[in-house]
Amino acid sequence: MRHFIFAVILVAILTVLVIFGLDQIQILPEQASLQAESIDWLFDIHFIAIAFLFSLIVGFMLYSIIFFRRKKGDYSDAEHVEGNMALETTWTVIPLIVVIGISFIGAQVLDDVQRVDPQALEVTVVGSQWNWRFEYPDHGISSTTLGLPVDQQTLLTLTSIDVIHSFWIPEFRVKQDALPGGEEYYRELRITPTKTGEYTLRCAELCGTQHAYMLADVLIMEPDEFDNWVEGLVSSVPEFPEERGRLWAEQYGCLACHSTDGSQLVGPTWLNVYGSVEELQGGTEVLVDDDYIRESIRNPGAQLVTGYDNLMPADIGADLTDEQVDDIIAFMQSLSE
Ligand code: CUA
């Protein structure tokens, strides 16, 4: 009995130390959304459970190793134990109750995280290889930075034009896949940022060679700052076609695969490509002019340049208007001497 009490004290001390240690190393990133508060609460319960279970096993083990080790010259067998009904019942029933309890708490947190605010700001998130675009239907703007007001719920509607991507801002905790396939596959995610500042959105689903670089800036602002930010985007659509073309090329993800400085990405560079003569797969040649570019955007893969696979998503041009395509052509033209 004395041994048991000492071992229990050892387990208690170890538990406190492990909880303290886990707390010190700050295992979770900054907490910056309302949803994160509920989720972290659940995490904290888990950390305490983990600290206790670790200490329970390691504590009794350490105690036994030290105090019940074989004495010198003792070659007798240990006492043979057939089983212990009380102990086995206990270690079956207690975990059962704990797991059922956690499932209830988990369901409650899930409910919290998905709570609907009818006043939520609506933003459509479009993922593509390897770019994020954010559309604000209420304001008629789109952006490659996700700007949001603080302390207001945002309803994100996520979609993808090619493969599965995953929307993840660690500071907000919640995560959701963006699926291709149109409206039927739209997914929703609600976030309520609680701290202003800059964060990084990352793609959390392996989606091709540039997956690791599929990042976007997230800017959480005071409501009046947010209004100014929206205003700035409304009035910042450039006057000249080639400048607008650069903006569309950024927003619609063209520049994730086509460089503008001659460097080699998965698609041909746009530097000096307009007006050049390229060899196509099959051996024919083509002049890169307005018609060729228009066709390559609307129908990627119809005329592939030698040395490149058709990695361009079939629908990438579907959201671009004819005017936007003309702007992009003007931008490409401006990159050729
Ligand atoms: Cu998109 Cu990984």
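The values are calculated or read from the model by the stated rules, or taken from the named source; none is laboratory data. Bear in mind that the values here come from a model prediction, so they are computed numbers and not experimental data. Methodologically, a virtual Cβ is constructed for each residue, glycine included, from the backbone with ideal geometry; neighbour enumeration extends over all protein chains shown.
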Within the stretch 173-184, the count of residues that are over 16 Å from the mean Cα position of the chain (by Cα) and either at pLDDT 95 or above or part of a strand (DSSP E or B) (or both) comes to 0
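Look at Thr321 and say whether it is loosely packed, with under 13 Cβ neighbours inside 10 Å, of a type outside the set (Gly, Ala, Ser) and within 26 Å of Glu135 (Cβ to Cβ).
Here the answer is yes, as Thr321 does meet what is asked.
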message: Being of a type in the set (A, V, I, L, M, F, W, C), more than 16 Å from the ligand (Cβ to nearest atom), out of contact with any strand residue (DSSP E or B) (no Cβ under 6 Å at 6 or more places or on another chain) and at negative phi: is that true of Val99 here?
response: yes
Only one of (1) assigned to a loop (DSSP other than H, G, I, E, B); (2) more than 29 Å from Leu335 (Cα to Cα); (3) within 16 Å of the ligand (Cβ to nearest atom) does not apply to Val266, and that is (2)
Residue count, the stretch 117-143, condition part of a loop (DSSP other than H, G, I, E, B) and away from the ligand (no atom under 14 Å from the Cβ), comes to 8
Exercise. Among the residues of the stretch 232-246, is there at least one that is aliphatic (A, V, I, L, M), touching a strand residue (DSSP E or B) at 6+ places or on another chain (Cβ under 7 Å), surrounded by fewer than 13 Cβ atoms within 10 Å (Cβ to Cβ) and within 17 Å of Val305 (Cβ to Cβ)?
Worked result: no
Those residues of the stretch 98-116 that are outside any helix (DSSP H, G or I) and not β-branched (Val, Ile, Thr) come to a total of 2
Those residues of the stretch 190-216 that are within 16 Å of the ligand (Cβ to nearest atom) and part of a strand (DSSP E or B) come to a total of 6
Determine whether Leu42 is surrounded by 12 or more Cβ atoms within 10 Å (Cβ to Cβ), part of a helix (DSSP H, G or I) and in contact with a helix residue (DSSP H, G or I) (Cβ under 6 Å, 6 or more places away or on another chain). yes
The residue that is nearest to Leu201 (Cα to Cα), considering only those in the stretch 152-172 that are away from the ligand (no atom under 14 Å from the Cβ) and in a strand (DSSP E or B), is Leu156
